[in-house]
Amino acid sequence: MDSSPKNFFTHPILFQTQMTFFLSWSTQKMFCEIFTLFILAYNENGNWKRKLLKSNIKAVHVICDLYFKPYNSFLYEECKEKLVPFLKKVGFNPRKDVHFMPCSGLTGANLKEPAEYCPWYTGLPFIPHLDSLPNFNRSSDGPVRLPIVDKYKDMGTVVLGKLESGSISKAQQLVMMPNRHTVEVLSLLSDDVETDDADPGENLKLRLKGIEEEEILPGFLLCNAENICHTGRTFDAQIVIIEHKSIICPGYNAVLHIHTCIEEVQITALICLVDKKTGDKSKTRPRFVKQDQVCIARLRTAGTICLETFKDFPQMGRFTLRDEGKTIAIGKVLKLVAEKD
């Protein structure tokens, strides 16, 4: 079938991709701690794994797409059977944190009204289900934390990012970390609409005074001067090895993804193993760790990065480790280690 732009909305795969992107983006925007996964068929090496593990979320909604007719429960049950073990392994409770739902972005089946084709599904349709979810409380009084996603020049220095905590207003003085530049907010746009102030959870575009575009890198953070974020290179973390063929020893190098920061990192020491069921820690230091094991390790990044402990700030304390194009581990920052003089 021709996939040219003129046939975009009649091409099932292209139209499906558009609907998936739109609904997934909108639900992540409205419910910051919910990840909506649209799946047409299970793909073990799909990009959904990286997006899921990188998101700071408490619940997962799996949308099994009803593209193929007849709308039987075979694909639905197959997705559940293959996804649940993985979601369970990375820390989700399938009974409380995961919700499976069949619907179609192409035909609109089970989006707003119950689909007559799916008598085997007894739950709510997609939109009513979203309406039934509880609201998440965000603190506007917390410290300002805005990780920088991108930057460019446009009549000054412009940065883009999502406000994770606190509130930002026009003419406010902020600090760019880790280089500690004091900047002033000249203009503020939320979803390309100019505004005088912004609350947590909004995707912002800020024009700044007091810093050049060349002095900013993705992964930098905007903070308020009264409560700046922590920076460093060395930290202790609890790590779950998800997918790795061989063993991992001290000296292993990978790529760290934490909030919007991407940095090379080395595991310098393995401190202990953690029992998955009881949470007990081993008394002796392991020589190596392997797939499906949980450990506490010390990591050191190539450069200074902005980070917080997971306990104090989950959005900035959860990370993934990637190697050779695959996510090999997820982890959370337990302790920041001071640098030796």
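Counting only residues that are charged (D, E, K, R) and farther than 17 Å from Asp141 by Cα, which one in region 168-195 is surrounded by the most Cβ atoms within 10 Å (Cβ to Cβ)? Ranking the candidates gives Glu184 first. Report whether or not Lys340 is within 18 Å of the chain's Cα centre (by Cα) and surrounded by fewer than 19 Cβ atoms within 10 Å (Cβ to Cβ). No; evaluated as a whole, the condition is false for this residue.
Taken over region 78-134, residues that are part of a helix (DSSP H, G or I) and modelled with pLDDT of 75 or more amount to 18. The residues listed here are Leu299, Leu336, Leu321, Leu307; of these, the one that is modelled with pLDDT of 95 or more and closer than 30 Å to Ile228 by Cβ is Leu299.
Considering Thr260, Thr268, Thr304, the condition of being closer than 29 Å to Ile168 by Cβ, surrounded by fewer than 16 Cβ atoms within 10 Å (Cβ to Cβ), in contact with a Pro (Cβ under 7 Å, 6 or more places away or on another chain) and not assigned by TED's automatic domain parsing to the domain that holds Phe92 is satisfied by Thr304 alone. Please verify whether region 100-115 includes one or more residues that are without any contact (Cβ under 8 Å) to a residue 24 or more places away in the chain and either under 20 Å from the mean Cα position of the chain (by Cα) or at positive phi (or both). The answer is yes; a qualifying residue exists.
The values are calculated or read from the model by the stated rules, or taken from the named source; none is laboratory data. Everything quoted here is computed from the prediction, not taken from an experiment. So basically every Cβ, Gly included, is an ideal-geometry build from the backbone, and we count neighbours across all protein chains shown.
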